[in-house]
Structures are given as C-alpha cells and as structure tokens.
Amino acid sequence: MSQVSTKPASGMRDFLPAEAARRRRVFALIEEVYQSYGFEPLETPTMERLDTLLGKYGDEGDQLLFKVMKRAQKLERALNRESPGETDLADLGLRYDLTVPLARIVAQYQNDLPRYFKRYQIAPVWRADRPQKGRYREFVQCDVDVVGSTSMTVEAEVASALSEVLDRLGFGEYRIHLNHRRLLSAMLEASGIAEAKWSGVLITIDKLDKVGRNEVIRELQEERGVGREAVDRLLSLLGAQPTLAEENQGTLDRLREAVGHLEDGQVALKELTEVLRFADGGPAGPRLIVDPYLARGLAYYTGPIFEIRSDEFSGSIGGGGRYDELVGMFTKQSLPACGFSLGIERILMLMEEAGKFTDEPAPADVLVTLWDPDFTPNSLALARELRAAGLRVDLYPDGGDKMGKQFGYADERGLPFVAILAPRELEDGVVAVKNLKTGDQEKVPRGEVGRWIVERLPGRS
RNA sequence: GUGGGCGUAGCUCAGUCGGUUAGAGCGCAGGUUUGUGGUACCUGAGGUCGCGGGUUCAAUUCCCGUCGCCCACCCCA
C-alpha cells in the first residue's frame with residue numbers, strides 16, 4: 001500500500017447513502033420537535049477565532065481544540081519566534097461546541113435578536129480527542145438554547161424538548177440527571193474544602209456510579225489532596241446516590257437539611273424544585289432525577305445542570321445547563337442563558353445496536369429499464385411521465401445491458417418496482433410493471449402507469 | 001497524554017512452531033437462462049501478508065522501529 005490511504009482521517013467517518021439517509025431522517029425529527037417549542041435555526045461558521053474558543057472550556061478543553069495554522073507571512077513570522085507554541089502558530093480553531101459560538105452571536109447581534117432568543121442548531125463540532133467507542137473527532141451536536149431569561153421555565157422546556165425527541169425516536173431507556181452548580185458549591189464549602197480543589201473534586205465525585213464509593217474516597221484523598229475528615233463530611237452531605245425519579249422529594253428534603261442554611265444551597269434547592277414542578281406533566285417529568293453527584297466538566301455552567309444517561313452506554317448521551325456568565329465573556333452586557341446538547345451520534349449508535357433501524361425506505365420507487373441504446377428517448381420519456389406522477393424514478397443508464405442485469409441492479413438497491421418499455425410494449429401502448437417484492441408483473445396502459453404504481457407503493461394507502 | 005490488542009483479497013477473518021504455486025466465506029465479473037432480479041450450481045478475476053530496517057541459506061512468520069485501526073484510562077456528546 002504505497003498509495004495514499006483511502007480511509008477517512010482518524011476519528012472522522014464517511015456515511016454511505018443508507019446511513020446518510022437514516023441520519024437525515026433523525027435530524028429532521030429533531031428539528032421538527034425543536035421547532036414545535038418555538039426554537040429558530042442558527043448557522044455559524046465551522047471555524048472561530050482561536051481567542052473566541054480559548055479559555056471557555058477549561059484546560060482540558062483548550063488541549064482538545066483543533067487549531068488551524070496561520071498562513072503565509074503570518075506563519076513565517078510566527079515560526080521565527082524563539083520557540084513558538086501551538087497558540088503562536090494558529091489563529092483559528094474548529095468549533096468545539098455550539099454554545100460558545102451562540103454566546104458570541106448574542107454578544108455581536110444583541111440589537112437584532114428578540115428579547116428571548118430561542119435557537120436550535122444541528123451541526124458538526126470537532127475535538128482532538130483520541131477516538132473510542134461512541135467517541136469521534138467530528139460529531140454532530142443538536143443544541144437548543146434560550147438566551148435572556150433566568151426563569152426555570154427555560155430549564156423545564158428545554159428538558160421537555162429533548163425528552164420528546166428521545167421518546168419519539170423510540171429510545172426508551174434513559175434518565176435525565178439533574179443537579180445545580182451552586183448546590184455543589186454549597187456542599188464543598190460546607191465540607192471545608194479549599195476552593196482551588198473544587199473542580200478536581202467534582203470530577204471525582206461524578207464517577208461514583210462508575211467506580212464505586214471506595215474508589216471515590218481513595219481518589220479524593222490521594223489524587224485530589226482532600227483530608228479524610230473533609231471527605232467524610234462531603235460524602236455524608238451528598239448521601240446515597242438516587243436512581244429513581246420517585247426519590248426526588250426525599251433527596252431535596254435531605255439536601256435542604258445539609259446545606260439549606262447556606263445561600264448557594266437555598267437558591268439551588270429553590271430552583272431545582274421549580275424545574276421539577278414546571279417539568280411535571282410533560283415528557284421530561286418522569287425522567288428527571290435529582291442527583292447531587294452530577295458535576296459536568298465544562299467550565300461555563302453556573303446554575304442547574306443536566307446529563308442524559310443510559311445503562312447501555314458508559315458516557316453521557318447529552319448534557320446541558322445554565323450558563324449565565326458566558327455571554328458576559330464577550331461583551332459588557334451579560335445575558336443569562338440555558339441550553340442543552342443531544343449527543344445524537346451516541347443515540348444513533350445505541351439505536352443501531354438495539355436493532356431499531358429496520359424497514360429502511362428504498363432510495364427510489366421504480367426503475368425504468370432501457371431496452372437498447374436506440375430506445376433511450378422512449379425510456380427517458382417514460383421516466384419523465386412517472387416523475388410527473390410524483391414517483392421517484394431511476395433510469396437504467398446503459399442500454400446495452402441485459403434485462404437480468406437491469407433487474408439485478410433494481411433488486412440490489414431495494415427498489416419496489418421495475419417498469420419495462422420495450423418494442424412490444426410501445427406497440428401495444430402499455431408498460432410492463434413488475435413488483436419485485438411479490439414477483440407479479442402486469443401490463444398497464446401507458447397513460448395510467450404512474451398512478452397505478454403510486455397506488456401500490458409500500459407504506460402508502 | 002497513558003496502558004492493552006490488532007494490521008494477510010474490496011469486506012470479515014483463517015494460516016505459517018521460518019521453507020517452494022498464501023486460503024475460506026461474503027462481495028465482484030462471466031456462465032447455466034438471447035425479455036426478468038432475489039434462491040441453486042459452475043467458472044473466473046483479485047494479495048509486493050501495513051511500511052522501513054535487522055537476524056537468516058531462506059521472513060508473511062522471529063526481532064527492532066514506524067504508521068494506522070480498535071479498546072480502556074483521562075475527559076466528554
């Protein structure tokens with residue numbers, strides 16, 4: 001293989017037609033649901049200025065940014081520096097998520113946007129991670145966000161929208177874990193842990209259901225440098241990890257006793273209670289689980305945080321939360337915001353594994369055969385007539401090929417019908433139509449053939 | 001960035017305790033069937049065994065390096 005590899009770049013994928021069509025159907029459904037909640041589309045560039053992206057996601061995130069090299073003289077100048085680093089040589093980066101670009105948009109176009117800006121965006125993002133099961137370097141996120149309100153109705157609506165998507169996809173098994181950044185702050189403060197250690201501690205706590213209580217205790221002490229007493233205090237405040245929506249009230253009561261006397265705790269508990277109350281009765285209601293162990297790594301969250309989890313996958317399949325300070329990083333006029341991202345790649349993967357994609361629609365309704373090269377105008381005319389009747393029509397391109405080959409092609413593509421127009425049929429003013437599913441073949445008058453097929457298409461009534 | 005596994009036909013993989021023409025299934029092409037697919041049977045094409053170096057009379061096989069893929073960790077969707 002001295003030739004150039006034909007594989008896609010590491011962590012990136014090609015989608016052949018059947019899979020591409022499947023993805024589009026799922027995206028269309030998501031779009032439909034998002035629109036039904038009043039969200040509007042937004043499109044932003046795949047690349048952003050590096051400064052826009054840096055410092056928004058935490059150190060880990062900065063590392064995972066795909067950076068784009070400077071060009072021409074700028075690059076030469078950068079190369080001539082002492083010992084140029086990545087950020088000296090690059091001035092652009094591929095977007096890492098859709099939230100930071102949204103914040104930039106809001107900061108830039110405040111005057112042109114409605115008072116409450118509800119946008120959705122379904123688009124690829126890039127992360128220079130090492131690929132793994134369900135993890136890619138290029139993947140599509142499906143975001144909904146509301147900018148401009150601090151009301152918990154936003155959290156409730158956003159959670160409902162994504163629940164509705166998952167329910168309509170038939171993705172049965174999932175939970176939405178719910179926590180609050182300020183609740184975590186209150187607990188860390190009450191445990192007497194230094195603020196500098198908080199982010200590390202949160203990451204460890206978040207792993208409880210994966211690695212178990214003892215490992216969490218060990219990691220907190222040995223890797224996060226938290227004293228034994230503080231660890232004990234923290235874990236007793238957190239209590240047992242809830243796994244059912246029915247436990248929510250009990251969890252909230254318990255947390256109120258633990259940190260209700262602190263301002264952060266009080267605000268967080270009030271807001272969480274509201275989210276549950278507002279979501280009650282909607283699709284998200286039975287899925288929400290108050291989980292004091294939920295942390296989430298992205299640095300910009302300030303209020304309620306969510307994460308969708310499934311027993312079928314170890315990572316998260318969606319996440320989000322409130323980020324009231326992010327817009328303020330781009331402009332003096334700060335604006336509150338809250339939103340959510342669906343990890344559609346992982347959802348598609350799990351649905352695929354569960355065998356949810358059967359009965360894929362055929363790429364066309366009918367193949368028009370080509371008797372021989374001289375007959376091409378006749379077949380082209382028939383194809384036009386069938387298209388005018390509303391059919392998706394494929395014309396066999398090479399007239400020299402045997403009927404068997406033409407039928408084999410139609411079968412291979414899964415087309416339900418083949419329309420044959422040869423000298424015999426032309427003379428009789430008919431078209432021979434074969435149903436490839438049943439094997440039946442009939443002669444249909446030329447003028448009726450379009451409607452005849454339309455009425456017999458699979459899945460139509 | 002760390003650890004483990006794997007690179008042999010278009011695809012999924014077998015095989016070689018170092019030895020002469022490297023195999024299977026699927027797919028592809030042709031035929032049995034000069035107006036008809038999906039089943040069956042027959043025939044055929046297709047491989048510098050990832051790349052580079054080393055050991056050896058001899059390397060696809062052993063050793064080293066390198067690149068790529070997969071899985072796990074970290075972190076995340």
note = Just one listed residue, out of A:Glu60, A:Glu43, A:Glu76, is free of Cβ contacts under 8 Å to residues at least 60 places away in the same chain and either open to solvent by 70 Å² or more (accessible area, probe 1.4 Å) or within 16 Å of RNA strand B (Cβ to nearest atom) (or both), and it is A:Glu76
ask   = On the given criteria, is A:Arg322 within 10 Å of RNA strand B (Cβ to nearest atom) and charged (D, E, K, R)?
value = no
ask   = For residues in segment A:337-369 being of a type in the set (D, E, K, R) and open to solvent by 40 Å² or more (accessible area, probe 1.4 Å), which is farthest from the chain's Cα centre (by Cα)?
value = A:Asp359
task = Pick out the one residue from A:Val158, A:Val146, A:Val165 that is away from RNA strand B (no atom under 15 Å from the Cβ) and crowded, with 21+ Cβ neighbours inside 10 Å.
result = A:Val146
message = Among the residues that make up segment A:87-95, is at least one of them closer than 27 Å to A:Lys332 by Cα, surrounded by 15 or more Cβ atoms within 10 Å (Cβ to Cβ) and under 20 Å from the mean Cα position of the chain (by Cα)?
response = yes
ask   = Would segment A:277-293 turn up any residue that is under 24 Å from A:Ala159 (Cα atoms) and within 13 Å of RNA strand B (Cβ to nearest atom)?
value = yes
Test for A:Tyr37: is it within 16 Å of RNA strand B (Cβ to nearest atom), closer than 23 Å to A:Gly320 by Cα and hydroxyl-bearing (Ser, Thr, Tyr) = no
Subset of segment A:63-73 (residues that are among the hydrophobic types (A, V, I, L, M, F, W, C) and either crowded, with 17+ Cβ neighbours inside 10 Å or within 16 Å of RNA strand B (Cβ to nearest atom) (or both)) = A:Leu64, A:Leu65, A:Phe66
request  = Go through segment A:180-205 and give me each residue that's closer than 17 Å to A:Gly319 by Cβ, open to solvent by less than 40 Å² (accessible area, probe 1.4 Å) and within 16 Å of RNA strand B (Cβ to nearest atom).
outcome  = A:Arg181, A:Leu184, A:Leu202, A:Ile205
query = Does segment A:323-336 contain at least one residue that is assigned by TED's automatic domain parsing to the domain that holds A:Ala123, open to solvent by less than 10 Å² (accessible area, probe 1.4 Å) and of a type in the set (Lys, Arg)?
reply = no
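The values are calculated or read from the model by the stated rules, or taken from the named source; none is laboratory data. Small disclaimer: the values here were computed from a predicted structure and weren't measured. Positions of Cβ are generated from backbone atoms using ideal geometry, with glycine treated the same way; all protein chains shown enter the neighbour counts. Ligands, DNA and RNA are excluded from the accessible area calculation, which covers all protein heavy atoms including side chains. Shrake-Rupley method; radii C 1.70, N 1.55, O 1.52, S 1.80 Å.
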